[in-house]
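For reference, the structure discussed in these notes is given below.
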Amino acid sequence: MLIYFLLIEYLYQAMLIKPGINNYAILKTPWNVNLCIIWSMKGVSECRFLKASLVKKTRLKFIESGFVENGKHARKLLDNALSVQTNDLKFDLAGSVFQKKVWRALLKIPFGETFSYKELSQIISQPKASRAVGQALNKNPVCLLLPCHRIIKSDGQVGGFAGGVLLKKRILLWEKSKKNANNK
């Protein structure tokens with residue numbers, strides 16, 4: 001706990017997180033798509049893919065709403081999510097108790113691996129809730145950071161994804177190749 005408070009103090013001093021202010025950033029991912037991340041001192045609340053045509057309009061909307069653009073901190077969040085696991089990220093998510101349980105379970109899926117909807121329902125001790133798990137994943141407000149892209153159908157098909165099936169396939173292949181390269 002002391003380490004956590006020291007980290008928060010460091011972030012305050014470095015002004016990576018602005019106290020009491022909502023922060024946002026729009027970043028390019030390794031798959032050449034834009035990702036919009038929103039967070040505050042409470043944690044990350046949203047992470048969504050953003051069409052290139054909406055970047056300028058979205059940025060203006062955030063500025064008008066009093067958000068502070070903070071790409072340096074967001075890049076650290078994204079790099080962390082794309083390296084190993086996101087267990088050390090702090091989230092501030094709105095959702096039902098069941099949805100939050102499903103979203104937390106996503107953190108148990110190792111980088112570069114996939115689980116089925118059924119396997120995820122077993123992790124949360126609700127083995128007959130595969131469909132409900134899928135619905136909860138559909139509502140994941142922080143895609144990529146809570147890795148719903150690592151969930152596939154039992155038959156090996158990719159299944160749905162907020163960024164589209166092709167992007168999901170690209171992310172999964174990228175993660176597997178990065179994991180294989182690290183294991184050599």
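The values are calculated or read from the model by the stated rules, or taken from the named source; none is laboratory data. This is a predicted model, so every value here is computed, not measured. Note that we place each Cβ from the backbone using ideal geometry, even for glycine, and neighbour counts take in every protein chain shown.
Have a look at Phe111, Phe91 and point out the one that is under 13 Å from the mean Cα position of the chain (by Cα), surrounded by fewer than 19 Cβ atoms within 10 Å (Cβ to Cβ) and aromatic (Phe, Trp, Tyr).
Exactly one residue qualifies, and that residue is Phe111.
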Pull up segment 66-85, narrow it to residues that are touching a strand residue (DSSP E or B) at 6+ places or on another chain (Cβ under 9 Å) and small (Gly, Ala, Ser), then point me to the one that is farthest from Leu172 (Cα to Cα). Gly71
Which members of segment 154-184 meet the condition of being among the charged types (D, E, K, R) and either surrounded by 14 or more Cβ atoms within 10 Å (Cβ to Cβ) or under 17 Å from the mean Cα position of the chain (by Cα) (or both)? Lys168, Lys169, Arg170, Glu175, Lys176, Lys178, Lys179
Say we look at segment 68-83 and pick out the residues that are surrounded by 14 or more Cβ atoms within 10 Å (Cβ to Cβ) and closer than 21 Å to Glu113 by Cα; which of these is modelled with the highest pLDDT? Leu78
Out of all the residues in segment 2-21, is one or more under 20 Å from the mean Cα position of the chain (by Cα) and either over 22 Å from Leu93 (Cβ atoms) or modelled with pLDDT of 80 or more (or both)? no
Within segment 43-97, track down each residue that is among the charged types (D, E, K, R) and farther than 16 Å from Pro141 by Cβ. Lys51, Lys56, Lys57, Arg59, Lys61, Glu64, Glu69, Lys72, Arg75, Lys76, Asp79, Asp88
Keeping to segment 34-45, report how many residues are out of contact with any Asp or Glu (no Cβ under 8 Å at 6 or more places or on another chain) and at pLDDT 90 or above. 2
Being under 28 Å from Asn182 (Cβ atoms) and among the hydroxyl-bearing types (Ser, Thr, Tyr) is the filter here, so list the residues in segment 107-139 that pass it. Thr114, Ser116, Tyr117
Gly156 vs. criteria at pLDDT 85 or above and closer than 23 Å to Ile37 by Cα: no
